[in-house]
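Down below is the structure, laid out as structure tokens.
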Amino acid sequence: MTKATTVDHFTPMEPKLASEVAHGVVGMSRSQGNEIVKRLLTKYEEDIPQTPRGGKYQECWDIQSKEPKPEYLELYQKIKQELAEYGIQFKF
């Protein structure tokens, strides 16, 4: 996944995840959300200034089938699982 600051390093999966997270936190209190953010910061804050670039669109996405490549889909599912363990209610 990427922070969308580099050309060709953004796929349809990033807004999909953002949307699923937004729906998954409906009804969550601010304090619950804050706890999730604090856990994520503990894990990723050190890397924020030099976030890994990730793969190019063509490396993550099958242009012919218009689907994510298997390894990218696996990463996406791993991230969703981690967020679900933090309390986000996904409708897998």
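Every number here is computed from the coordinates shown, using simple stated rules; none is lab data. Since the structure is predicted, the reported quantities are computational estimates derived from the model, not experimental observations. Note that we place each Cβ from the backbone using ideal geometry, even for glycine, and neighbour counts take in every protein chain shown.
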Pull up all non-local amide H partners of Trp61: gap of 5 or more, or a different chain, and H-to-H distance under 5 Å with H placed in the peptide plane.
-> Lys69
Set of aspartates and glutamates near Lys43 by C-alpha distance (under 16 Å), chain-local residues within fewer than 8 positions excluded | Glu35, Glu82, Glu85
Could you tell me whether the chain comes out rounded, prolate or oblate from its Cα gyration tensor? Rule is a ≥ b ≥ c as square roots of the eigenvalues, rounded for a/c under 1.5, then prolate if a/b exceeds b/c, otherwise oblate.
-> oblate
Taking the dipole about the Cα centre of the chain, with the C-beta of Lys and Arg at +1 and of Asp and Glu at -1, give me whichever of Gly55, Gly87, Leu40 is farthest to the positive side.
-> Gly87
Which whole-Hz couplings ³J(HN,Hα) result when phi for each residue of region 64-70 is put into the Karplus expression 6.51 cos²θ - 1.76 cosθ + 1.60, θ = phi - 60°, listed in order with x for Gly and Pro?
-> 5, 8, 6, 10, x, 5, x
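With +1 assigned to the C-beta of every Lys and Arg and -1 to the C-beta of every Asp and Glu, and no other charges, what is the dipole magnitude of the chain about the Cα centre in debye, to the nearest 20?
240
May I ask you to list the trypsin sites (Lys or Arg not before Pro) in region 1-60 that are in a DSSP loop and have at most 15 other Cβ atoms within 10 Å of their Cβ?
On the way: sites: Lys3, Lys16, Arg30, Lys38, Arg39, Lys43, Arg53, Lys56; in loops: Lys3, Arg53, Lys56.
Answer in residue order: Lys3, Arg53, Lys56.
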Hey, what angle do you get for helix 13-24 against the long axis of the chain, alpha-carbon based, 0 to 90 degrees rounded to 10?
-> 20
